[in-house]
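Here is the structure we will look at, set down as structure tokens.
The values are calculated or read from the model by the stated rules, or taken from the named source; none is laboratory data. Everything quoted here is computed from the prediction, not taken from an experiment. Glycine also receives a Cβ, built like all others from the backbone with ideal geometry; neighbour counts cover every protein chain displayed.
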Amino acid sequence: MATPEQALQTQLTNIEKRTGKTLAQLHAILAKSGLEKHGQMVTMLKTDLGMGHGDANTVAHLFRNPQPTAAAGAGTEDPLDAIYTGKKADLRPLHEAVMKKIDKFGEFEVAPKKGYVSLRRNKQFAMVGPGTKNRLEIGINLKDHDGDERFVAQKPGGMCQLKVWLTDAKEVDKDLLAVLRAAYDAAG
């Protein structure tokens with residue numbers, strides 16, 4: 001599995017390929033726009049440059065919170081340290097158990113966010129992060145699953161179609177992996 005720094009660098013490389021602009025050029029566009037709010041920047045990048053939400057969000061985040069070492073792919077901070085802190089620290093081994101199983105599916109991008117990590121191929125197929133202090137939450141993008149008692153269907157238009165919550169590594173079972181695998185395949 002790629003480190004979060006490698007995943008960010010891969011995302012930035014892909015953004016440059018898709019837009020034809022470097023991160024510095026995109027930041028210059030944001031600076032020239034005069035926009036100050038994150039949401040406004042994301043909307044402008046999506047509207048004016050045709051960027052996807054995840055790419056626009058990353059560019060705006062890095063513009064507002066410069067992280068030159070992370071952007072250069074040489075950062076040493078692990079974003080999971082910030083996500084799994086305090087009362088949520090006990091969930092990190094469960095997160096790592098899930099990731100160890102998903103990693104066997106093949107290549108995908110891990111895009112750290114403020115409170116979770118996004119798992120992407122051509123599009124996001126899952127997100128993993130603490131749901132509460134004692135439950136790990138997995139959001140799954142899989143349109144062909146109606147949901148059930150375990151895989152709870154979400155309202156249309158949300159980040160994910162399904163959510164599941166885990167409290168124990170034993171719950172990373174064949175059923176969960178089959179649904180995650182289907183989402184992985186559909187995102188590819």
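Those residues that are in a loop (DSSP other than H, G, I, E, B) and either at positive phi or of a type in the set (Phe, Trp, Tyr) (or both), I need them from region 151-175; list them, please.
Phe151, Gly157
Criterion first (over 24 Å from His61 (Cα atoms), surrounded by 15 or more Cβ atoms within 10 Å (Cβ to Cβ) and free of Cβ contacts under 8 Å to residues at least 40 places away in the same chain) does Lys104 satisfy it?
Judged against the criteria, Lys104 is not a match.
Could you identify the single residue in Leu136, Leu162 that is in contact with a Ser or Thr (Cβ under 8 Å, 6 or more places away or on another chain), within 13 Å of Leu176 (Cβ to Cβ) and either of a type in the set (S, T, N, Q) or surrounded by 14 or more Cβ atoms within 10 Å (Cβ to Cβ) (or both)?
Of the residues listed, the single one that is in contact with a Ser or Thr (Cβ under 8 Å, 6 or more places away or on another chain), within 13 Å of Leu176 (Cβ to Cβ) and either of a type in the set (S, T, N, Q) or surrounded by 14 or more Cβ atoms within 10 Å (Cβ to Cβ) (or both) is Leu136.
When you scan region 1-46, how many residues do you find that are in a loop (DSSP other than H, G, I, E, B) and at pLDDT below 85?
The qualifying residues number 3.
Among all residue pairs at least 6 apart or on different chains, which show Cβ distances below 6 Å where the first residue, located in region 39-60, is within 23 Å of Asn122 (Cβ to Cβ) and the second is of a type outside the set (Val, Ile, Thr) and not in a helix (DSSP H, G or I)?
Leu45/Met51
Could you tell me whether any residue of region 145-155 is modelled with pLDDT of 90 or more, closer than 20 Å to Asp55 by Cβ and aromatic (Phe, Trp, Tyr)?
no
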